[in-house]
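Take a look at the structure below.
The values are calculated or read from the model by the stated rules, or taken from the named source; none is laboratory data. Note that the structure is a prediction, hence the values are computed from the model and not measured. As a convention, Cβ positions derive from the backbone with ideal geometry for all residues, glycine included, and neighbour counts pool all protein chains shown. Areas reflect the complete protein model, heavy atoms only, side chains present, ligands, DNA and RNA absent. Shrake-Rupley method; radii C 1.70, N 1.55, O 1.52, S 1.80 Å.
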Amino acid sequence: VYSHGNQGFAGSSAFLMRSFASHGWVALAPDHIGNTLTTHSSPRPLALWLNRSLDLSAALDELSGRAPELLGEAVDSSQVLVTGHSFGAHTTWASSGGLFDRQRIEDRCEAGEFPAEQCTGELLDAFAAGGRDPRFIAGAPLAGKGSEEWFGSNGLNAVSLPMLQMSGSADAGAVEGVWDRSEQVDLTWIDIEGGCHQLFALGACDQVPSEEGFHIVSTYALAFARHQVLGDHSAPV
């Protein structure tokens, strides 16, 4: 299951979804309505930072119920890899069990960062409950992070899943601080030399040809998924 970036769309990382599908996986990439290229709001509403995780769970529910109709057979949705690019990396950390810092979010509300009508106790409690979906058993955030302003200094350590963080060396700050704030997480971090922010989505980096970058990202993501979801430790791709 894939989460696109801010003002993105379901097909933002189509190369990655095609790669998984070509190896027999069911690849699910929903639009985050209200945060797509044509439906976004600025500034982003507070609820969006949680609702994107709920979008992924709802999409997975829909697929599970309609798989025989859509695909001609049932699918096993009990063990799923969740991944996402940029803002989708935030969503990936949240869906994997990252613990939101309710007090920090409330303090930001009181400081006027979000309109008062958005900062309801019900929503703050929903943030505290989090976006964890037990069907997700591994996560791969791409060119983005679970930032301290949402998860505090220790919220990422609530993630008990194996995680594969991928980034590019030419994408300064995209994953800054994640390694230090996730010391208790089973985290593997791959930084691709010369990779820009769009290496994991639309491509066109100055230093890495798109097809080469797409191949690197797809190879590591698929190997990680095979290892964690299928228990497949063999070498051939």
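Brief remarks on what is shown
- Only residues that are in a strand (DSSP E or B) and charged (D, E, K, R) were counted across the range 149-170, and they come to 0.
- Looking across Gly231, Gly146, Gly173, Gly177, one residue alone is assigned to a loop (DSSP other than H, G, I, E, B), more than 21 Å from Gly11 (Cβ to Cβ) and either of a type in the set (S, T, N, Q) or in contact with a Gly (Cβ under 9 Å, 6 or more places away or on another chain) (or both). It is Gly146.
- Qualifying residue in the range 2-22 (condition: modelled with pLDDT under 95 and surrounded by fewer than 15 Cβ atoms within 10 Å (Cβ to Cβ)): no
- Test: Phe20 is in contact (Cβ under 8 Å) with a residue 60 or more places away in the chain, among the aromatic types (Phe, Trp, Tyr), part of a helix (DSSP H, G or I) and in contact with a Phe, Trp or Tyr (Cβ under 8 Å, 6 or more places away or on another chain): no
- Matching residues, the range 33-51, being more than 25 Å from Pro134 (Cα to Cα), surrounded by 15 or more Cβ atoms within 10 Å (Cβ to Cβ) and in contact with a Phe, Trp or Tyr (Cβ under 6 Å, 6 or more places away or on another chain): Thr36
- If you go through the range 149-175 and keep only what is open to solvent by 60 Å² or more (accessible area, probe 1.4 Å) and within 16 Å of the chain's Cα centre (by Cα), you end up with just Ser160.
- Yes/no for His215 being assigned to a loop (DSSP other than H, G, I, E, B) and open to solvent by 50 Å² or more (accessible area, probe 1.4 Å): no
- Filtered by the rule that a residue be among the hydrophobic types (A, V, I, L, M, F, W, C), more than 13 Å from His23 (Cα to Cα) and in contact (Cβ under 8 Å) with a residue 40 or more places away in the chain, the range 214-233 gives Phe214, Val217, Phe224, Val229.
- Of all residues in the range 197-209 being in contact (Cβ under 8 Å) with a residue 60 or more places away in the chain and either in contact with a Phe, Trp or Tyr (Cβ under 8 Å, 6 or more places away or on another chain) or open to solvent by less than 20 Å² (accessible area, probe 1.4 Å) (or both), the one that is farthest from Leu164 (Cα to Cα): Gly203
- Cβ separations smaller than 7 Å between residues 6+ apart or across chains give the following pairs from the range 151-175 residues that are farther than 17 Å from Val208 by Cα to residues that are open to solvent by 40 Å² or more (accessible area, probe 1.4 Å) and of a type in the set (Lys, Arg): Gly152/Arg104; Ala174/Lys145; Val175/Lys145.
- Subset of the range 146-173 [under 17 Å from His85 (Cβ atoms) and either modelled with pLDDT under 95 or β-branched (Val, Ile, Thr) (or both)]: Ala172, Gly173
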